[in-house]
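A quick write-up on the structure given underneath.
The values are calculated or read from the model by the stated rules, or taken from the named source; none is laboratory data. Keep in mind it's a predicted model, so treat the numbers as computed, not measured. Glycine also receives a Cβ, built like all others from the backbone with ideal geometry; neighbour counts cover every protein chain displayed. Areas reflect the complete protein model, heavy atoms only, side chains present, ligands, DNA and RNA absent. Shrake-Rupley method; radii C 1.70, N 1.55, O 1.52, S 1.80 Å.
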Amino acid sequence: MALAAQPQMPRVWRAETKPHKFCPGCGHGIILKALGEAIDALGIQERTIFGCDIGCSLLSWDFFNLDTIQTHHGRTTPVLVGIKRVRPELVVVSYMGDGGAYAIGAQHLVSSAVRNDLVTIIVVNNTQYGMTGGQMAPTTLPGQKTETTPYGRDVKLTGRPILGPELVAAVAPPGAYVARGSIANVVQLKNFIQKGLLNQIEGRGIAFIEALSACPTNWRTNAAETWRFIEKEMAAYFPTGELRTPGEAKNGQAGEGTPGAPEH
Amino acid sequence: MSVAFKAITTENGKGIFHLFPALCKGCGLCIEKCPVDTIGWAKQLGAFGTPVVEPGHGKPCIACKKCQLVCPDAAIWIERRDGKGRSDSGRQPE
(Lines give C-alpha, C1' and ligand atoms only; values in the text may rest on other atoms or scores of the structure.)
Protein backbone atom coordinates (compact mmCIF):
# COMPACT_ATOMS: atom_id res chain seq x y z
CA MET A 1 0.00 0.00 0.00
CA ALA A 2 1.69 3.14 -1.22
CA LEU A 3 -0.54 5.83 0.22
CA ALA A 4 -1.07 5.99 3.95
CA ALA A 5 -4.30 7.50 5.25
CA GLN A 6 -3.91 11.12 6.31
CA PRO A 7 -6.24 13.36 8.36
CA GLN A 8 -8.87 15.21 6.34
CA MET A 9 -7.78 18.68 7.43
CA PRO A 10 -8.79 21.69 5.33
CA ARG A 11 -5.97 22.53 2.89
CA VAL A 12 -5.47 25.92 4.54
CA TRP A 13 -4.67 24.31 7.93
CA ARG A 14 -1.00 24.23 8.82
CA ALA A 15 -0.41 20.55 9.54
CA GLU A 16 2.98 21.07 11.25
CA THR A 17 1.29 22.85 14.16
CA LYS A 18 -1.22 20.09 14.81
CA PRO A 19 -2.41 18.96 17.28
CA HIS A 20 -3.39 22.57 17.89
CA LYS A 21 -3.03 24.39 21.20
CA PHE A 22 -6.67 24.31 22.31
CA CYS A 23 -7.96 22.13 25.14
CA PRO A 24 -9.63 18.78 24.48
CA GLY A 25 -13.21 19.36 23.34
CA CYS A 26 -12.72 23.08 22.68
CA GLY A 27 -15.09 24.59 20.14
CA HIS A 28 -12.35 26.69 18.52
CA GLY A 29 -11.11 23.66 16.60
CA ILE A 30 -14.54 22.99 15.12
CA ILE A 31 -15.11 26.65 14.20
CA LEU A 32 -11.64 27.00 12.66
CA LYS A 33 -12.29 23.80 10.71
CA ALA A 34 -15.49 25.36 9.34
CA LEU A 35 -13.57 28.56 8.52
CA GLY A 36 -10.81 26.55 6.84
CA GLU A 37 -13.32 24.66 4.72
CA ALA A 38 -15.04 27.92 3.74
CA ILE A 39 -11.70 29.46 2.69
CA ASP A 40 -10.88 26.29 0.73
CA ALA A 41 -14.27 26.32 -0.99
CA LEU A 42 -13.85 29.95 -2.09
CA GLY A 43 -10.21 29.44 -3.06
CA ILE A 44 -9.01 32.61 -1.31
CA GLN A 45 -6.08 31.24 0.69
CA GLU A 46 -3.53 33.37 -1.21
CA ARG A 47 -5.26 36.65 -0.39
CA THR A 48 -6.70 36.12 3.09
CA ILE A 49 -5.42 37.85 6.22
CA PHE A 50 -6.35 36.22 9.50
CA GLY A 51 -6.47 38.32 12.66
CA CYS A 52 -6.86 36.88 16.12
CA ASP A 53 -7.62 38.66 19.36
CA ILE A 54 -6.35 38.17 22.89
CA GLY A 55 -7.79 35.37 24.98
CA CYS A 56 -8.03 31.76 23.90
CA SER A 57 -8.55 32.89 20.30
CA LEU A 58 -4.89 34.00 20.09
CA LEU A 59 -3.85 30.34 20.31
CA SER A 60 -4.84 30.21 16.63
CA TRP A 61 -1.88 32.43 15.66
CA ASP A 62 -0.10 29.57 13.90
CA PHE A 63 -3.21 27.63 12.98
CA PHE A 64 -3.42 28.46 9.26
CA ASN A 65 -1.11 28.85 6.32
CA LEU A 66 -2.27 32.48 6.16
CA ASP A 67 -0.71 35.83 6.98
CA THR A 68 -1.76 36.30 10.59
CA ILE A 69 -1.80 39.24 12.99
CA GLN A 70 -2.64 39.24 16.69
CA THR A 71 -3.94 42.27 18.56
CA HIS A 72 -5.46 42.99 21.95
CA HIS A 73 -9.01 43.44 23.24
CA GLY A 74 -11.13 43.74 20.13
CA ARG A 75 -8.62 45.85 18.17
CA THR A 76 -8.44 43.05 15.63
CA THR A 77 -11.34 44.55 13.72
CA PRO A 78 -9.94 48.10 13.28
CA VAL A 79 -6.46 46.76 12.45
CA LEU A 80 -7.89 44.53 9.75
CA VAL A 81 -10.16 47.31 8.47
CA GLY A 82 -6.99 49.37 8.04
CA ILE A 83 -5.35 46.56 6.07
CA LYS A 84 -8.48 46.20 3.95
CA ARG A 85 -8.58 49.93 3.16
CA VAL A 86 -4.96 49.93 2.01
CA ARG A 87 -5.20 46.64 0.08
CA PRO A 88 -8.86 46.26 -1.00
CA GLU A 89 -8.12 43.06 -2.94
CA LEU A 90 -7.39 41.17 0.28
CA VAL A 91 -9.96 39.28 2.35
CA VAL A 92 -9.71 39.96 6.08
CA VAL A 93 -11.07 37.70 8.82
CA SER A 94 -11.31 39.05 12.35
CA TYR A 95 -11.49 36.19 14.84
CA MET A 96 -12.37 37.10 18.41
CA GLY A 97 -13.78 35.68 21.61
CA ASP A 98 -16.82 37.11 23.34
CA GLY A 99 -14.65 38.94 25.89
CA GLY A 100 -12.68 40.82 23.25
CA ALA A 101 -15.67 41.53 21.04
CA TYR A 102 -18.43 42.36 23.54
CA ALA A 103 -16.74 43.51 26.75
CA ILE A 104 -13.45 45.32 26.28
CA GLY A 105 -13.61 45.78 22.51
CA ALA A 106 -17.32 46.49 22.02
CA GLN A 107 -16.53 50.05 20.87
CA HIS A 108 -14.66 48.73 17.83
CA LEU A 109 -17.38 46.27 16.94
CA VAL A 110 -20.13 48.90 17.14
CA SER A 111 -18.11 51.49 15.19
CA SER A 112 -17.27 48.98 12.48
CA ALA A 113 -20.91 47.95 12.21
CA VAL A 114 -22.08 51.58 11.91
CA ARG A 115 -19.47 52.27 9.20
CA ASN A 116 -20.38 49.01 7.41
CA ASP A 117 -16.69 48.17 7.07
CA LEU A 118 -15.68 45.46 4.63
CA VAL A 119 -14.57 42.87 7.15
CA THR A 120 -15.71 39.40 8.17
CA ILE A 121 -15.94 39.12 11.95
CA ILE A 122 -16.26 35.76 13.68
CA VAL A 123 -17.00 35.89 17.40
CA VAL A 124 -16.71 32.74 19.47
CA ASN A 125 -19.19 32.72 22.33
CA ASN A 126 -18.37 30.27 25.12
CA THR A 127 -20.22 32.23 27.85
CA GLN A 128 -17.12 33.10 29.90
CA TYR A 129 -13.46 34.18 29.81
CA GLY A 130 -11.69 30.94 29.00
CA MET A 131 -8.01 31.81 29.09
CA THR A 132 -8.04 33.50 32.51
CA GLY A 133 -9.85 30.63 34.19
CA GLY A 134 -13.57 30.95 33.51
CA GLN A 135 -14.71 34.29 34.94
CA MET A 136 -18.09 35.85 34.18
CA ALA A 137 -18.31 37.48 30.74
CA PRO A 138 -21.08 39.62 29.19
CA THR A 139 -22.44 36.44 27.61
CA THR A 140 -22.66 34.37 30.82
CA LEU A 141 -26.17 32.92 31.05
CA PRO A 142 -28.48 33.89 33.94
CA GLY A 143 -27.80 31.59 36.87
CA GLN A 144 -24.66 30.12 35.32
CA LYS A 145 -21.88 29.36 37.78
CA THR A 146 -18.44 30.74 36.93
CA GLU A 147 -15.31 31.59 38.92
CA THR A 148 -16.65 35.05 39.79
CA THR A 149 -20.32 34.06 40.12
CA PRO A 150 -20.09 31.01 42.38
CA TYR A 151 -23.82 31.21 43.23
CA GLY A 152 -24.86 31.71 39.61
CA ARG A 153 -25.09 34.96 37.60
CA ASP A 154 -27.51 37.40 39.23
CA VAL A 155 -29.21 39.36 36.43
CA LYS A 156 -30.43 42.03 38.87
CA LEU A 157 -26.84 42.83 39.79
CA THR A 158 -25.00 42.26 36.53
CA GLY A 159 -27.64 42.58 33.81
CA ARG A 160 -28.70 40.14 31.16
CA PRO A 161 -26.33 38.49 28.67
CA ILE A 162 -25.47 40.58 25.62
CA LEU A 163 -26.89 39.52 22.26
CA GLY A 164 -24.08 40.39 19.87
CA PRO A 165 -25.62 39.65 16.45
CA GLU A 166 -28.85 41.41 17.44
CA LEU A 167 -26.75 44.44 18.45
CA VAL A 168 -24.88 44.50 15.13
CA ALA A 169 -28.07 43.87 13.14
CA ALA A 170 -29.72 46.82 14.85
CA VAL A 171 -27.03 49.38 13.96
CA ALA A 172 -25.58 48.11 10.66
CA PRO A 173 -26.73 49.75 7.39
CA PRO A 174 -28.21 47.69 4.53
CA GLY A 175 -25.69 45.35 2.95
CA ALA A 176 -24.67 43.79 6.23
CA TYR A 177 -24.69 40.05 6.79
CA VAL A 178 -25.38 38.97 10.38
CA ALA A 179 -25.86 35.41 11.59
CA ARG A 180 -25.46 33.19 14.59
CA GLY A 181 -24.31 29.60 14.21
CA SER A 182 -23.37 26.86 16.63
CA ILE A 183 -20.83 24.07 16.78
CA ALA A 184 -23.83 21.78 17.27
CA ASN A 185 -24.63 22.39 13.57
CA VAL A 186 -21.29 22.53 11.79
CA VAL A 187 -22.69 22.42 8.25
CA GLN A 188 -24.88 25.47 8.90
CA LEU A 189 -22.00 27.28 10.60
CA LYS A 190 -19.71 26.69 7.62
CA ASN A 191 -22.46 27.95 5.33
CA PHE A 192 -22.80 31.16 7.40
CA ILE A 193 -19.03 31.75 7.41
CA GLN A 194 -18.85 31.20 3.65
CA LYS A 195 -21.70 33.67 3.08
CA GLY A 196 -19.94 36.11 5.38
CA LEU A 197 -16.72 35.87 3.38
CA LEU A 198 -18.65 36.29 0.13
CA ASN A 199 -20.37 39.39 1.50
CA GLN A 200 -16.97 40.98 1.97
CA ILE A 201 -15.54 39.79 -1.36
CA GLU A 202 -18.54 41.20 -3.22
CA GLY A 203 -18.16 44.48 -1.36
CA ARG A 204 -21.61 44.65 0.20
CA GLY A 205 -20.60 45.42 3.76
CA ILE A 206 -19.84 44.02 7.16
CA ALA A 207 -20.27 40.33 7.87
CA PHE A 208 -20.74 39.30 11.46
CA ILE A 209 -21.04 35.69 12.57
CA GLU A 210 -21.33 34.60 16.17
CA ALA A 211 -20.54 30.94 16.84
CA LEU A 212 -21.81 29.26 19.98
CA SER A 213 -18.85 27.31 21.31
CA ALA A 214 -17.86 25.03 24.16
CA CYS A 215 -15.40 25.29 27.02
CA PRO A 216 -15.42 21.92 28.80
CA THR A 217 -12.34 22.87 30.83
CA ASN A 218 -13.91 25.85 32.57
CA TRP A 219 -17.51 24.65 32.49
CA ARG A 220 -16.16 21.50 34.17
CA THR A 221 -18.38 19.34 31.97
CA ASN A 222 -17.91 15.96 30.36
CA ALA A 223 -18.77 15.43 26.69
CA ALA A 224 -22.46 14.62 27.24
CA GLU A 225 -22.96 17.61 29.55
CA THR A 226 -21.07 19.88 27.12
CA TRP A 227 -23.40 19.03 24.25
CA ARG A 228 -26.45 19.41 26.50
CA PHE A 229 -25.32 22.88 27.60
CA ILE A 230 -24.76 24.07 24.01
CA GLU A 231 -27.84 22.51 22.47
CA LYS A 232 -30.32 23.21 25.27
CA GLU A 233 -29.27 26.07 27.56
CA MET A 234 -27.22 28.23 25.18
CA ALA A 235 -29.53 27.66 22.20
CA ALA A 236 -32.50 28.69 24.33
CA TYR A 237 -31.03 32.12 25.05
CA PHE A 238 -29.05 32.60 21.82
CA PRO A 239 -31.26 31.60 18.86
CA THR A 240 -29.29 30.48 15.81
CA GLY A 241 -30.03 31.63 12.29
CA GLU A 242 -29.50 34.53 9.91
CA LEU A 243 -30.51 37.92 11.30
CA ARG A 244 -29.61 40.09 8.35
CA THR A 245 -28.88 39.17 4.77
CA PRO A 246 -27.85 41.72 2.13
CA GLY A 247 -30.64 40.60 -0.21
CA GLU A 248 -33.46 41.55 2.12
CA ALA A 249 -31.88 44.91 2.86
CA LYS A 250 -31.83 45.76 -0.86
CA ASN A 251 -35.55 45.15 -1.10
CA GLY A 252 -36.09 47.91 1.42
CA GLN A 253 -37.50 45.52 4.01
CA ALA A 254 -34.81 46.63 6.42
CA GLY A 255 -34.60 50.22 5.23
CA GLU A 256 -33.99 51.57 8.70
CA GLY A 257 -31.56 48.77 9.38
CA THR A 258 -33.61 47.55 12.32
CA PRO A 259 -35.26 44.22 11.65
CA GLY A 260 -37.11 42.82 14.61
CA ALA A 261 -36.87 39.18 15.48
CA PRO A 262 -34.32 36.85 13.90
CA GLU A 263 -35.71 35.23 10.77
CA HIS A 264 -35.65 31.45 10.72
CA MET B 1 6.69 20.88 4.28
CA SER B 2 4.39 17.97 4.75
CA VAL B 3 3.76 16.13 7.94
CA ALA B 4 2.71 12.52 8.12
CA PHE B 5 0.37 11.19 10.77
CA LYS B 6 0.03 7.51 11.55
CA ALA B 7 -3.46 6.06 11.53
CA ILE B 8 -5.09 3.23 13.41
CA THR B 9 -7.46 1.76 10.83
CA THR B 10 -10.46 -0.31 11.88
CA GLU B 11 -13.15 -1.63 9.57
CA ASN B 12 -16.58 -1.65 11.13
CA GLY B 13 -20.02 -1.86 9.54
CA LYS B 14 -20.21 0.35 6.47
CA GLY B 15 -17.18 2.43 7.35
CA ILE B 16 -13.43 2.29 7.53
CA PHE B 17 -12.50 4.19 10.68
CA HIS B 18 -9.11 5.93 10.52
CA LEU B 19 -8.00 7.42 13.84
CA PHE B 20 -4.85 9.50 14.26
CA PRO B 21 -3.64 9.02 17.87
CA ALA B 22 -1.18 11.93 17.58
CA LEU B 23 -4.17 14.27 17.06
CA CYS B 24 -6.82 12.72 19.34
CA LYS B 25 -7.06 14.54 22.67
CA GLY B 26 -9.71 12.26 24.14
CA CYS B 27 -12.48 14.86 24.51
CA GLY B 28 -15.23 12.34 23.79
CA LEU B 29 -17.42 14.68 21.70
CA CYS B 30 -17.60 12.03 18.93
CA ILE B 31 -18.74 9.33 21.36
CA GLU B 32 -21.77 11.42 22.32
CA LYS B 33 -22.63 12.34 18.73
CA CYS B 34 -22.48 8.82 17.29
CA PRO B 35 -26.08 7.83 16.40
CA VAL B 36 -25.35 4.09 16.71
CA ASP B 37 -23.05 4.35 19.76
CA THR B 38 -20.33 2.41 18.01
CA ILE B 39 -17.53 4.66 19.25
CA GLY B 40 -15.99 4.02 22.64
CA TRP B 41 -12.69 4.37 24.51
CA ALA B 42 -9.72 2.36 23.29
CA LYS B 43 -6.62 1.02 25.04
CA GLN B 44 -4.17 3.21 23.09
CA LEU B 45 -3.26 6.66 24.37
CA GLY B 46 -3.45 9.89 22.39
CA ALA B 47 -1.78 13.31 22.23
CA PHE B 48 -2.32 14.17 25.91
CA GLY B 49 -1.93 10.65 27.32
CA THR B 50 -5.69 10.14 27.40
CA PRO B 51 -7.41 7.17 25.76
CA VAL B 52 -8.24 7.50 22.07
CA VAL B 53 -11.50 6.26 20.56
CA GLU B 54 -12.33 3.21 18.47
CA PRO B 55 -15.46 1.82 16.80
CA GLY B 56 -17.06 -1.50 17.60
CA HIS B 57 -18.78 -0.83 20.94
CA GLY B 58 -22.45 -0.54 19.94
CA LYS B 59 -24.20 -1.25 16.66
CA PRO B 60 -22.12 -1.37 13.45
CA CYS B 61 -20.92 1.92 11.92
CA ILE B 62 -23.27 3.47 9.33
CA ALA B 63 -20.56 5.80 7.93
CA CYS B 64 -22.61 8.95 8.64
CA LYS B 65 -19.36 10.87 9.36
CA LYS B 66 -20.82 12.83 12.29
CA CYS B 67 -17.76 11.99 14.39
CA GLN B 68 -15.46 13.29 11.65
CA LEU B 69 -17.54 16.47 11.45
CA VAL B 70 -17.48 17.31 15.17
CA CYS B 71 -13.87 16.32 15.88
CA PRO B 72 -12.10 19.60 16.74
CA ASP B 73 -8.72 18.09 15.88
CA ALA B 74 -9.50 16.34 12.58
CA ALA B 75 -8.34 13.12 14.25
CA ILE B 76 -11.02 10.97 12.62
CA TRP B 77 -11.46 10.17 8.97
CA ILE B 78 -14.29 7.90 7.89
CA GLU B 79 -14.03 6.20 4.55
CA ARG B 80 -17.03 4.41 3.15
CA ARG B 81 -16.41 0.81 2.30
CA ASP B 82 -18.00 1.37 -1.13
CA GLY B 83 -15.19 3.82 -1.88
CA LYS B 84 -17.13 7.11 -1.93
CA GLY B 85 -15.02 8.61 0.89
CA ARG B 86 -12.05 9.35 -1.35
CA SER B 87 -13.97 12.10 -3.10
CA ASP B 88 -13.94 14.18 0.12
CA SER B 89 -12.49 17.64 -0.14
CA GLY B 90 -9.48 18.37 1.99
CA ARG B 91 -5.94 17.17 2.33
CA GLN B 92 -5.42 14.11 0.19
CA PRO B 93 -2.72 11.54 0.87
CA GLU B 94 0.53 12.61 -0.76
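Only residues in the stretch A:213-242 that are closer than 15 Å to A:GLY181 by Cβ count as the first member; pair them with residues that are among the small types (Gly, Ala, Ser) and part of a helix (DSSP H, G or I), Cβ under 6 angstrom, at least 6 apart or cross-chain, and list the lot. Partner pairs satisfying both residue conditions: A:SER213/A:GLY27; A:ALA214/A:GLY27.
Could you look through the stretch B:47-67, keep only residues that are closer than 22 Å to A:ALA4 by Cβ and in contact with a Cys (Cβ under 8 Å, 6 or more places away or on another chain), and pick out the one that is nearest to the other protein chains (Cβ to nearest Cβ)? Top of the filtered list is B:ALA47. For the stretch B:1-21, give me each residue that is facing chain A (nearest Cβ under 8 Å) and in contact (Cβ under 8 Å) with a residue 40 or more places away in the chain. Correct list: B:SER2, B:ALA7, B:HIS18, B:PHE20.
Inside the stretch A:123-156, residues that are of a type in the set (A, V, I, L, M), without any contact (Cβ under 8 Å) to a residue 24 or more places away in the chain and within 19 Å of A:PRO216 (Cα to Cα) make up a count of 1.
Look at the stretch A:5-55 and say how many of its residues are at positive phi and out of contact with any helix residue (DSSP H, G or I) (no Cβ under 9 Å at 6 or more places or on another chain).
Going residue by residue through the stretch A:5-55, those that are at positive phi are A:25, A:43, A:55.
Okay, now just the ones that are also out of contact with any helix residue (DSSP H, G or I) (no Cβ under 9 Å at 6 or more places or on another chain), so A:43.
Looking only at that region, the number is 1.
For the criterion of being under 15 Å from the mean Cα position of the chain (by Cα), without any contact (Cβ under 8 Å) to a residue 60 or more places away in the chain and within 17 Å of A:GLU233 (Cα to Cα), A:ALA184 passes. For the stretch A:6-49, taking the residues that are open to solvent by less than 10 Å² (accessible area, probe 1.4 Å), hydrophobic (A, V, I, L, M, F, W, C) and part of a loop (DSSP other than H, G, I, E, B), the one that is nearest to the other protein chains (Cβ to nearest Cβ) is identified as A:MET9.
Of the numbered criteria (1) open to solvent by less than 40 Å² (accessible area, probe 1.4 Å); (2) farther than 23 Å from A:LEU163 by Cα; (3) out of contact with any Asp or Glu (no Cβ under 6 Å at 6 or more places or on another chain), the one A:VAL79 fails is (1).
So is A:THR132 part of a loop (DSSP other than H, G, I, E, B) and closer than 15 Å to A:LEU58 by Cα or not? Criteria met by A:THR132. For B:PRO35, the conditions (1) out of contact with any His (no Cβ under 9 Å at 6 or more places or on another chain); (2) open to solvent by less than 20 Å² (accessible area, probe 1.4 Å) all hold with the exception of (2).
Residue-level analysis places A:VAL86 among those that are of a type outside the set (S, T, N, Q), at pLDDT 95 or above and over 18 Å from the mean Cα position of the chain (by Cα). The set of residues from the stretch A:83-134 being open to solvent by 10 Å² or more (accessible area, probe 1.4 Å) and β-branched (Val, Ile, Thr) comprises A:ILE83, A:VAL86, A:ILE104, A:VAL110, A:VAL114, A:THR132. Checking each residue in the stretch A:197-224 for being open to solvent by 10 Å² or more (accessible area, probe 1.4 Å) and among the hydroxyl-bearing types (Ser, Thr, Tyr) picks out A:THR217, A:THR221.
Among the numbered conditions (1) open to solvent by less than 60 Å² (accessible area, probe 1.4 Å); (2) touching a residue at least 24 places away in the same chain (Cβ under 8 Å); (3) more than 27 Å from A:PRO10 (Cβ to Cβ), the only one that A:GLY159 does not meet is (2).
Apart from one condition, A:ARG75 fits all of (1) closer than 20 Å to A:ALA34 by Cα; (2) touching a His at 6+ places or on another chain (Cβ under 7 Å); the exception is (1).
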